[in-house]
Amino acid sequence: MKWHLVSRTSSYKILAGIAAAFFLFSCVARSLHAEQHNTQPIVMDLKLDGEVEPVLATYIDEGLADAARRNASLALITMDTPGGLSDSMKDIIQHVLASPVPVAVYVSPTGARGASAGFFILLSADVAAMAPGTRTGAASPIIAIGGFTIGVDETLRKKIMNDAMAFLRSYSEKRGRNAKLAETAVTDARAFTETEALDGKLIDYVATTPEELLRHLNGKVVTRFDGTKTTLALATYQRVSFELSARQKFLARIIEPDMFFLLLILGTLGLYAEFTHPGAVLPGVVGGICSVLALYAMHLLPVNLAGILLIVIAVTLFVLEAKYTSHGILLAGGVIAMIFGAIFLIRSPLTSGGVSVGMAIAVTLPFAAISVFLMRLVLRSRKWKPAVGAEQMLGEWGVATSGLQSGVEGMIRIHGENWRAIAQRDVAAGGAVEVRKIAGLTLYVEPAKTLEATKVSS
């Protein structure tokens, strides 16, 4: 019996040892596999699609940071943009220049463009490339309101132009690009096809597909902005996409100038309706939510104070239109003020970004009509007699059921109900009386000689 116990114990130890060895072997194998997997070069794919704005700039910044955490070999930004806000453009360029991972900006697909702010971003990359049938340039600083360019004095124009050119030279020369030719995109609003950009040494490659571009880059030595050199090893690379999160997609929609203006007006209208008609609830809830979203967008967008003040003036004029007879002058002034407030709302000195004139008109006209209508309802309601409570009986006529003596409390019948009443003069039984005052549950009445008792007894 003892031998059997010893033998069984030894068997358990042998099995435990085999299991431990198997576990250790599997861990080592996974570690080796992971190490082998991690040695494969990573190319981080980013998309710069649409107008350059704060949410998109944050997305690019986070993507470059993620590429650095993954120790990626290259960050590839595929771009198709008409331009965007100058502050967001500068933020992206600063992160591109400071990125520990080499950055390639690729204007693609065919028909895409890297215009205005996109031109500045393209030239800031370690590698600049374009697909056939694309264009770039047209980077002259402009001041545009609602999509319409406005003129500025010559001194201000020179300041804006010289600042933009100096900013462009500050990094394009270190990238080894043709800064003199690049300046013509600013001074003359010149645009370039992919062939012109390549021949003019503004970009490094023309590639039909990202795969073709990566084949060109394999083994190439890239000079970073700080002067260091990096060899791109992209023989067997792994492409990893960095996508906009659902939150970023939602915020990107909110901070579009047209959507921001719409949220601002809906918030104002909802709160206005709730304040003028307390208890409606729904307008207050919708207005509160829209107002908070508009405030968030206002925090990110370059909002012009003059635009906000014009919108406030417009709302004030709409309220005054409801209170005073101006023959439409106040209403017209409010409409004009709100339209100008909309197109002045967003400052965008380098692009045509801003609230469109169509959206400004489409939102202003209904808002003007609704706000004037609501205020007139409020003013009209102040003249209405109370529909509930004792106050509704002021001015009503009733019948003295058993006669009233002067100064002595008696009973009258009014609206089918019996009420205590006091009259200043005697009233015979069945006589008509008019309610002149109410004190608690007592009515003070006067004889109503013109009213027949039989007409009000019911």
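Numerical summary
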{"read-out": "Residues with amide H under 5 Å from that of F192, placed H, sequence gap 5 or more", "value": "T136, G137, A138"}
{"read-out": "5 angstrom amide H check on I346, placed H, neighbours 5+ away", "value": "N304, V355"}
{"read-out": "Karplus-derived HN-Hα couplings along the range 126-139 (A = 6.51, B = -1.76, C = 1.60, θ = phi - 60°), whole Hz, x at Gly and Pro", "value": "5, 10, 10, 9, 9, 8, x, x, 10, 8, 8, x, 6, 10"}
{"read-out": "Shape of the range 248-334, Cα gyration tensor, a/c cut at 1.5", "value": "oblate"}
{"read-out": "Mean Cβ neighbour count within 10 Å, used as a protection proxy, ranking 364-371, 157-164, 434-441 highest first", "value": "364-371, 157-164, 434-441"}
{"read-out": "Cα gyration tensor, the range 155-265 - rounded (a/c under 1.5), prolate or oblate", "value": "oblate"}
{"read-out": "A369-R247 FRET efficiency (beta carbon distance; Förster radius 35 Å; 0.05 resolution)", "value": "0.45"}
{"read-out": "The range 51-146 shape via C-alpha gyration tensor axes, a/c threshold 1.5", "value": "oblate"}
{"read-out": "Nonlocal amide H pairs with V240, under 5 Å, H built at 1.01 Å", "value": "V43, M44, D45"}
{"read-out": "Average projection area in nm² (convex hull over Cα atoms of the range 402-446, one quarter of hull surface)", "value": "2.7"}
{"read-out": "Pairs beyond 21 Å (Cα-Cα), from K47/K249; K180/K201; K47/K201; K174/K229; K90/K229; K159/K180", "value": "K47/K201; K90/K229"}
{"read-out": "The range 243-351 - charge dipole about Cα centre, Lys and Arg +1 at Cβ, Asp and Glu -1, debye rounded to 20", "value": "120"}
{"read-out": "Cβ-Cβ FRET estimate between I361 and R425, R0 fixed at 56 Å, reported to 0.05", "value": "0.30"}
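A short reminder: the numbers here are calculations on the coordinates, not readings from a lab. All figures in this text were calculated on a predicted structure; none of them were measured in a lab. Glycine gets a Cβ as well: all are built from the backbone with ideal geometry, and neighbour counts include every protein chain shown.
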